[in-house]
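Working notes, beginning with the structure itself.
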Amino acid sequence: MDNIVLEYRDPLFGLIILVALIFLISFFTYSYGIYKERVARKDYRKLSRRFELGKLKEEDYVHLYKTYNLPFDSILLLASTFLHKGNYNKAINVYLTLLEHVKDRVKKEELLELLGATYFKGGFLQRSKDIFLRILKFSPRNKNALTQLLIIHEKLKEFEKAKEVTTCLEELNEDMQKDKVYLDALIIINDPVYSYEKRSDLLYKIFLDNPSIQRLFAEFLLQFNKPFFWENVDKFDVKNFTDLMWYLNFDDINFEKVYKNEFLVELYNAKGYLDNLNHSEDFVFDILIALNKHEHKTNATLDFEFICSSCKNVHPVYDTRCPHCHNILTFNVKHNLSKGFDEANQSLQ
């Protein structure tokens, strides 16, 4: 019996027991690690199915942000998928939900800017205006908020308030001279008290010092005061608004003035209103003149596109402010040859 007891006290036996314990602990630890990894993979698969791109719910973004510590910028990137799909209401709901849980002031301001921009894209101008005014209450030097507010005031035809915003931006060392001239022109054009003649005179004075508004001015004159336009047509560079001249009705054209302008003579020969040229230096005009003289009449016309000189984006219709870069009076008109349509085919019926 004493020999057996001595065997338990043998150092070699203790070493064997220690190695066995280490092995068992390692084995169970390894097995438990594999089990946890499988469970984690299963959870991640569930999570990925739940948070599949484009199928996220508003509360899911908060869950990702609070529970899984997903970076704030990544959350915003995920939410932007709704914007790219044009689902503005969904994006708005996401931003509103996140606002309730984000405490950091900088992040909250960024969220508010995104919310205001989304309201703007969705056509909710008054709500967008309220959001940017809220931002400016606690961050009055926010240039982006001021710029957005300027654009919103312009869209809402609150031109006087827009001018006040330009003054704020000037205090932040922004060059707003062109914007102020542009807004002055819009204030006169939309003045309900002044007559068309009075507005024409006021705009003419601005135009002489600031030719950048010439298309804005010409469009007003061609709509409300054609005699004033033709009287001063030599002051304009009509190439900058070829589309306006092309679409003029025959009876609205003063051909005595047209004959004194080489470009207009070529334009209206191409249109078919005149027939005193055989060729034009403009390739497209030259083709139209040749088609007009051909015995088999081919129905062709001009099509126009507008290229922003600032961001180089192309647009099918003219706008005083580029919808991409938001710069004003930067569109240049370009004309192209296109197939014409019979008037009968253009009926809305």
Of all residues in segment 70-120 being among the acidic types (Asp, Glu) and open to solvent by 40 Å² or more (accessible area, probe 1.4 Å), the one that is modelled with the highest pLDDT: Glu113
Residue check, Lys137 open to solvent by 60 Å² or more (accessible area, probe 1.4 Å) and either modelled with pLDDT under 95 or acidic (Asp, Glu) (or both): yes
Selected residue (criterion: farthest from the chain's Cα centre (by Cα)) from residues of segment 158-177 that are open to solvent by less than 50 Å² (accessible area, probe 1.4 Å), under 29 Å from Arg105 (Cβ atoms) and in contact (Cβ under 8 Å) with a residue 24 or more places away in the chain: Leu172
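Taking the condition aliphatic (A, V, I, L, M), more than 18 Å from Val238 (Cβ to Cβ) and either modelled with pLDDT of 90 or more or under 37 Å from the mean Cα position of the chain (by Cα) (or both), does Ala270 pass? Working first, answer last.
Details: aliphatic (A, V, I, L, M): yes; more than 18 Å from Val238 (Cβ to Cβ): no; either modelled with pLDDT of 90 or more or under 37 Å from the mean Cα position of the chain (by Cα) (or both): yes.
Spelling it out, it is not the case that Ala270 is aliphatic (A, V, I, L, M), more than 18 Å from Val238 (Cβ to Cβ) and either modelled with pLDDT of 90 or more or under 37 Å from the mean Cα position of the chain (by Cα) (or both).
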Segment 208-227 residues that are in contact (Cβ under 8 Å) with a residue 24 or more places away in the chain, paired with ones that are crowded, with 18+ Cβ neighbours inside 10 Å and in a loop (DSSP other than H, G, I, E, B) (beta carbon under 6 Å, 6 or more apart): Ser212/Leu329; Gln214/Phe236; Ala218/Phe236
For Asn249: the one exception among (1) modelled with pLDDT under 95; (2) closer than 30 Å to Lys143 by Cα: (2)
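Suppose we filter Phe220, Phe228, Phe224 for residues that are open to solvent by less than 20 Å² (accessible area, probe 1.4 Å) and within 25 Å of Ile188 (Cβ to Cβ); which single one remains?
Working: Phe228 fails: open to solvent by less than 20 Å² (accessible area, probe 1.4 Å); Phe224 fails: open to solvent by less than 20 Å² (accessible area, probe 1.4 Å).
Just one listed residue meets the conditions, Phe220.
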Among (1) touching an Asp or Glu at 6+ places or on another chain (Cβ under 7 Å); (2) assigned to a loop (DSSP other than H, G, I, E, B) - the single one Val193 does not satisfy: (1)
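Looking at the structure I just gave you, is Asp275 over 19 Å from Asn332 (Cα atoms) and either modelled with pLDDT of 95 or more or over 33 Å from the mean Cα position of the chain (by Cα) (or both)?
Working: over 19 Å from Asn332 (Cα atoms): yes; either modelled with pLDDT of 95 or more or over 33 Å from the mean Cα position of the chain (by Cα) (or both): yes.
Criteria met by Asp275.
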Residues of segment 232-245 satisfying the condition of being in a helix (DSSP H, G or I) and in contact (Cβ under 8 Å) with a residue 24 or more places away in the chain: Val233, Asp234, Lys235, Val238, Lys239, Asn240, Phe241, Thr242, Asp243, Leu244
Where Leu125 falls short, out of the listed (1) under 19 Å from the mean Cα position of the chain (by Cα); (2) crowded, with 19+ Cβ neighbours inside 10 Å; (3) within 19 Å of Ile92 (Cα to Cα); (4) aliphatic (A, V, I, L, M): (2)
Candidates Lys180, Lys198, Lys155, filtered to the one that is under 29 Å from Gly122 (Cα atoms), open to solvent by 50 Å² or more (accessible area, probe 1.4 Å) and out of contact with any Phe, Trp or Tyr (no Cβ under 9 Å at 6 or more places or on another chain): Lys180
Residue tally, condition farther than 17 Å from Lys226 by Cα and open to solvent by less than 50 Å² (accessible area, probe 1.4 Å), over segment 185-195: 5
Single unsatisfied condition, Asn332 versus (1) free of Cβ contacts under 8 Å to residues at least 24 places away in the same chain; (2) within 28 Å of Asp184 (Cβ to Cβ); (3) among the polar types (S, T, N, Q): (1)
Long-range neighbours under 7 Å by Cβ, at least six apart or interchain, first residue touching a residue at least 24 places away in the same chain (Cβ under 8 Å) within segment 265-279, second open to solvent by less than 50 Å² (accessible area, probe 1.4 Å) and among the aliphatic types (A, V, I, L, M): Leu267/Met245; Ala270/Leu288; Ala270/Ile289
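The values are calculated or read from the model by the stated rules, or taken from the named source; none is laboratory data. The structure presented is a predicted model; accordingly, all values stated were derived computationally and were not measured. Glycine gets a Cβ as well: all are built from the backbone with ideal geometry, and neighbour counts include every protein chain shown. Surface areas here come from the heavy atoms of the whole protein model, side chains and all, with no ligands, DNA or RNA. Shrake-Rupley method; radii C 1.70, N 1.55, O 1.52, S 1.80 Å.
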